[in-house]
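Undergrad: Have a look at this one.
FYI, it's all coordinate maths here, none of it is from the lab. Please read all numbers here as calculations on a predicted model, not as lab measurements. Counting neighbours? That spans all protein chains shown, and the Cβs are built from the backbone with ideal geometry, glycine included.
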Amino acid sequence: MFTDAIPHSHTRDLQGSSTAITGHPTDLNKAIEKARDYLLKLQNAQGYWLFELEADCTIPAEYIMMMHYLGEIDAPLQAKIANYLRPRQSEDGSYPLFSGGPGDISCSIKVYYALKMTGDAIDAPHMVKLRRYILSQGGAAKANVFTRIALAIFEQLPWRGVPYIPVEIMLLPKWFPFHLDKVSYWSRAVMVPLFVLCTLKATAKNPKKVSILELFLVHPDQEKHYFPERTPLNKIFLGLDRLGRATRPLIPKSLTEKAFAKARDWFIERLNGEDGLGGIFPAMVNAYEAMLLLGMPADHEQVVTARKAIDKLLVINEHDAYCQPCLSPVWDTGLAALALQETDKVGNSAALTRAYAWLKSKQLQDEPGDWRITKPQLEGGGWAFQFANPHYPDVDDTGLVAFAMADSGLPDLDESIHRATRWIVGMQSENGGYGAFDVDNTYYYLNEIPFADHGALLDPPTVDVTARCAMLMAKVAQDHDEYLPALERTLNYIRSEQETDGSWFGRWGTNYIYGTWSVLWGLEQTSVPKNDPLYTRAVRWLKSVQRADGGWGEDNFTYHDDSVRGQYRFSTAFQTAWAVIGLIAAGEAHCPEVKAGIDFILKNQLTDGSWNDKCFTAPGFPRVFYLKYHGYDKFFPLWALAKYRNAINSQ
């Protein structure tokens, strides 16, 4: 499957050949100019960049299901979403979680249900193929927990087929093995309104009474294995699940009412205006439905605003439409700014000044946030990923944006930079690494509870986020040595996480190429010498996975099987850019592999100055949920070309 990475012998051949090496510098400069102009045209008048963020077909299908849950069906919009879903079906009838990936039964079930809701006949060829795939995988009873909860709400399977997640969880003490503070931000935001839906056994209006009993191998009431035992610890949790159901009638009504009030207050405090609970679609939908179920009228200001937040995620085109999982303006703006800075700080200063003015307006100060539970004395200073999400500043975005500001050389940014850096230092986990939103969120035993079959309940430290923090601290510590102790702990963590082959795992981008690029780019700001094994082993690995066309590419399948790390069916411009930036950061600007990578990027540039990589670019949650950042092929290739030109010209 992955046979066309460059073998070592071919790498050596490049050293004596100019056929795969970039031509005249004028061509390089023209390519940079075209890409820069294209990117500048996409800047919003307010100063930010925002690109589409596309997930798999689960979320568009869930949007259709939401309309049928509410009994409020926008037929033209539903038809456009169906037009988006149908052509994304794989040859075997399934729907994958990422382009070219294996079929996923849960995604496939939701798409089947959504298409049937739109009126697609079950004997239509695409529905027949889809149904055959689902049945071949064990039928709808084998879906993941979130899908089974949705099916229970639509009365397609009994509530005993979903985990017992009572609203009284809100009242558990902090010392209890399970507590909201012990799981990730996204888990909290999704779960709290879900407690309400599950405890009240929400029932969809389902006005057309659409059923999918044909997707079950046996009748749902007869299914005995909704919760197969995985490990001894999982067996214990399943026992507790059964015990909880049996003792449910013993819970005083007053206690349940107190729990409902606490859950309602919790998510209403975090509704986040038109940017929505947690800034993420699943949490927004759960909160919207929970408010209605708790008796809040549909015209209540908070309910109306919650619905607006959901609909802001829609991308509606002439013939099709889909729903994004969230919006990414801070991340997009930080990366676009860094690409422009590498291109020409002075020439792009007007655009950069607008970008940083907007970013400064989005920096968090003393707002309440869940991160304060573990760090109550720490002064705020982070950025969220979205337009607004004050309870959940993002460590990765904060490191990136503050570094970009420090690198820009523009005036009036020092206060923002140091506020952010102090916050980053304070968010360091005990092992020296950084999670995306929380400190020491490492209660791994919770991955064994029945609700956590997706394996994405926690937010432990990861090396890609940590590298961004190291990069910022190293940059700012040049004049402020108070950041050096935290930086040293961070570097020790990065060293401990390097894989035996020299690469690093990428949690928030695909995958080892992303992780390795992140670390090498971060290390470039530090005093670690270029002959350190951190560099040399990573360089060796990146060169070993270069493809015959001079580019790099890596499949999300590496999250399922890491033996194919660094490999894909084809090269992509943005992943080639990652590898090139990483190699140049390691002092390899003149190596033939970098020149071949630059040549690949130049050859694949479109006439308007952009690139068009169609594959998914990142995991939301490895093995469960993947994303395509539509901006990655806009700014990363430009960044690599400019970095190459600058490195060559400086030597």
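Undergrad: Two decimals, Cα atoms only, Kirkwood Rh: what is Rg/Rh over the chain?
TA: Computed over Cα atoms, the ratio is 0.97.
Undergrad: Check cross-link reach from Lys614 to the aspartates and glutamates: straight Cα distance under 19 Å, and skip same-chain residues fewer than eight apart.
TA: Glu52, Glu54, Asp56, Glu91, Asp320, Asp332, Asp549, Glu554, Asp555, Asp633
Undergrad: Nearest 10 degrees is fine. How inclined is helix 573-585 to the longest principal axis of the chain, computing both from alpha carbons?
TA: 50
Undergrad: Something else: Say the cut-off is 31 Å between C-alpha atoms; which of Lys182/Lys258; Lys375/Lys634; Lys595/Lys628; Lys308/Lys362; Lys308/Lys475 go over it?
TA: Lys375/Lys634; Lys308/Lys475
Undergrad: Starting with the fewest neighbours, write out Lys116, Lys34 ranked by other beta-carbon atoms found within 10 Å of each beta-carbon.
TA: Ordered from fewest to most neighbouring Cβ atoms within 10 Å, Lys116, Lys34 come out as Lys34, Lys116.
Undergrad: With a 10 Å Cβ neighbour count serving as the proxy for reagent exposure, in which order, fewest first, do Thr576, Thr607, Thr147 appear?
TA: Final ranking by Cβ density, sparse to dense: Thr607, Thr147, Thr576.
Undergrad: Taking K and R as +1 and D and E as -1, what net charge do the other residues with C-beta under 14 Å from the C-beta of Asp311 add up to?
TA: -1
Undergrad: From the C-alpha gyration tensor of segment 166-226, pull out the three semi-axes of the equivalent ellipsoid (sqrt of 5λ each), sorted largest to smallest, in whole Å.
TA: Working from the Cα gyration tensor, I get semi-axes of 31, 16, 11 Å.
Undergrad: Please report Asp104, Asp27 as a ranked list, fewest other C-beta atoms within 10 angstrom at the top and most at the bottom.
TA: If I rank by nearby Cβ atoms, fewest first, I get Asp27, Asp104.
Undergrad: Oh, and also: What is the sum of charges, Lys and Arg at +1 and Asp and Glu at -1, for the other residues whose Cβ falls under 9 Å from the Cβ of Gly432?
TA: -1
Undergrad: What net charge do the residues around Gln363 carry, taking every other residue with its C-beta under 14 Å from that of Gln363, with Lys and Arg at +1 and Asp and Glu at -1?
TA: So the environment of Gln363 carries a net charge of -4.
Undergrad: Compute for segment 371-414: radius of gyration divided by Kirkwood radius, i.e. Rg/Rh, restricted to C-alpha atoms, rounded to two decimals.
TA: 1.03
Undergrad: Kindly state, as a whole number, the per residue volume in cubic angstrom of the convex hull around the alpha carbon atoms of segment 389-545.
TA: So the per-residue hull volume is 131 Å³.
Undergrad: Then there's this: Which of the listed residues, Gln78, Trp266, Gly409, is farthest toward the dipole's positive end in the chain, when Lys, Arg count +1 and Asp, Glu count -1 at the beta-carbon?
TA: Gln78
Undergrad: Related question: Could you name the lysines whose alpha carbon sits less than 30 Å from that of Lys224, not counting residues in the same chain fewer than 8 places away?
TA: Lys110, Lys116, Lys129, Lys142, Lys201, Lys205, Lys208, Lys209, Lys235
Undergrad: Under 17 Å from the Cα of Lys262, which aspartates and glutamates turn up, not counting those fewer than eight places away in the same chain?
TA: Correct list for Lys262: Glu168, Asp181, Glu289, Asp370.
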